[in-house]
Amino acid sequence: QPGTPLSDEEYRQFFRSLWTAHRASTACLLRELYGCQNPLVQRLDEYENHGVIPEGPICSELPGTPFFPNFCTFTFYRCTMKRYFIKV
């Protein structure tokens, strides 16, 4: 379904190339340097969400942090907190 998060198995496949902390932090550095509007960053975001970057508030599985204003804010949070595998 377009715009929905990946399944657990799809997340494992998605992050396989980013599995080590070094690779994941490199992807986060790209996000930090170029922002969510960068075409490469957008492709990663689209891939993670079956081809559509979600709009509006993003619900999360985080206790105490139930939502983020948009997907970009959510992904920056994951990068900042080094919690790369948090799903929405």
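The values are calculated or read from the model by the stated rules, or taken from the named source; none is laboratory data. These numbers come from a predicted model, not from an experiment. Heads up, the Cβs are rebuilt from the backbone with ideal geometry, glycines too, and the neighbour counts pull from every protein chain shown. Side chains are part of the model used for accessible areas, which takes the heavy atoms of the whole protein and leaves out ligands, DNA and RNA. Shrake-Rupley method; radii C 1.70, N 1.55, O 1.52, S 1.80 Å.
Quick notes
- Test: residue in the range 73-83 that is open to solvent by less than 30 Å² (accessible area, probe 1.4 Å), of a type in the set (Val, Ile, Thr) and at pLDDT 85 or above: yes
- Looking across 41, 52, one residue alone is among the β-branched types (Val, Ile, Thr) and part of a loop (DSSP other than H, G, I, E, B). It is 52.
- Search result, residues across the range 63-77 that are without any contact (Cβ under 8 Å) to a residue 40 or more places away in the chain and not in a strand (DSSP E or B): 63, 64, 69, 70, 71, 72, 73, 74, 77
- Flag if residue 15 is at pLDDT below 90, in contact with a Ser or Thr (Cβ under 7 Å, 6 or more places away or on another chain) and either among the hydrophobic types (A, V, I, L, M, F, W, C) or surrounded by 14 or more Cβ atoms within 10 Å (Cβ to Cβ) (or both): no
- Filtered residues of the range 18-52 (kept if among the β-branched types (Val, Ile, Thr), more than 15 Å from residue 74 (Cβ to Cβ) and either open to solvent by 90 Å² or more (accessible area, probe 1.4 Å) or at pLDDT 90 or above (or both)): none
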